[in-house]
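The values are calculated or read from the model by the stated rules, or taken from the named source; none is laboratory data. Keep in mind it's a predicted model, so treat the numbers as computed, not measured. Please note: Cβ atoms are built from the backbone with ideal geometry, for glycine as well, and neighbour counts cover all protein chains shown. Protein only, heavy atoms only, side chains kept; ligands, DNA and RNA dropped before computing areas. Shrake-Rupley method; radii C 1.70, N 1.55, O 1.52, S 1.80 Å.
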Amino acid sequence: MPGKLPPGQKWIQWPLVYDIGPVPHLRLEEFRLRVDGAVDRPLVLTWEELLSLPQAEVKADFHCVTHWSVPDLRWEGVLATTIADLCRPSPDATWIMAWGREGYSAPIPREYFLREDTILAHRLNGKPLPPEHGWPLRLVVPTLYAWKSAKYLVHLEFLTEKRLGYWEERGYHEVGDPWRQERFRQPAPPPAGS
Ligand SMILES: Nc1nc2c(c(=O)[nH]1)N[C@H]1C(S)=C(S)[C@@H](COP(=O)(O)O)O[C@H]1N2
Ligand SMILES: [Mo]
């Protein structure tokens, strides 16, 4: 069952594909997920190592900032909390930058990253992730707009201060909570006197 619809959204049946550019091919033997930055224990995980971690399933609605929402997607993979238990973020790691292998970046506040439904997903609705939806691995942060759910995930970088990512540099909100309609940053106030 879908949850409630955030303000300003409409239900559609399947996620549309949004990509900043073509994604280079990858062989799974070459896949590595790096987890580093402000953590006690940096990680480099191969595909087999990722699959050997405890696996979980998350059912969640997917909300895009361009006003569409897809109800009830079923993601399978490794919970973000499992990764955090392994790498042990330092207390001052307040943001996590998620990197896609084509260079996409999306910063996520620690409290959203650590929600129980944030997942590093490699399956969608019972099948391997379709190539255009992030194969082989994507982050899914159901509590934020979809641009925070970095596809083609290869790197999680724990940061001690806020940094902008691909869309945030282009005016999107730093946090991006759909329940607060955090779509864009407020325009800068006009200079005094104008
Ligand atoms: N690596 C990567 N991740 C990405 C993007 C991208 O261009 N590259 N686009 C983002 C945007 S803007 C959205 S709305 C969602 C779309 O996910 P979908 O293509 O699976 O629907 O992916 C996000 N993750
Ligand atoms: Mo998007």
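Overview of results
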item	result
Residue within segment 117-139 that is within 16 Å of ligand 2 (Cβ to nearest atom) and part of a strand (DSSP E or B) present	yes
Only one of Asp61, Asp72 that is in a strand (DSSP E or B), at positive phi and within 15 Å of ligand 1 (Cβ to nearest atom)	Asp72
In segment 172-194, the residues that are within 17 Å of Ser149 (Cα to Cα) and either at pLDDT below 95 or open to solvent by less than 60 Å² (accessible area, probe 1.4 Å) (or both)	Tyr172, His173, Glu174, Val175, Gly176, Asp177, Pro178, Glu182, Arg183
Every residue from segment 41-55 that is in a strand (DSSP E or B) and surrounded by fewer than 18 Cβ atoms within 10 Å (Cβ to Cβ)	Leu43, Val44, Thr46
Residues of segment 139-162 that turn out to be under 18 Å from Leu73 (Cα atoms) and either more than 11 Å from the chain's Cα centre (by Cα) or open to solvent by 10 Å² or more (accessible area, probe 1.4 Å) (or both), as a count	5
Any hit, segment 2-21, residues being under 20 Å from Thr118 (Cβ atoms), more than 15 Å from ligand 1 (Cβ to nearest atom), in a strand (DSSP E or B) and open to solvent by less than 50 Å² (accessible area, probe 1.4 Å)	no
Pair list, Cβ under 6 Å, 6 or more apart: segment 79-108 residue farther than 13 Å from Glu161 by Cα and more than 15 Å from ligand 2 (Cβ to nearest atom), other residue in a loop (DSSP other than H, G, I, E, B) and among the acidic types (Asp, Glu)	Arg88/Asp40
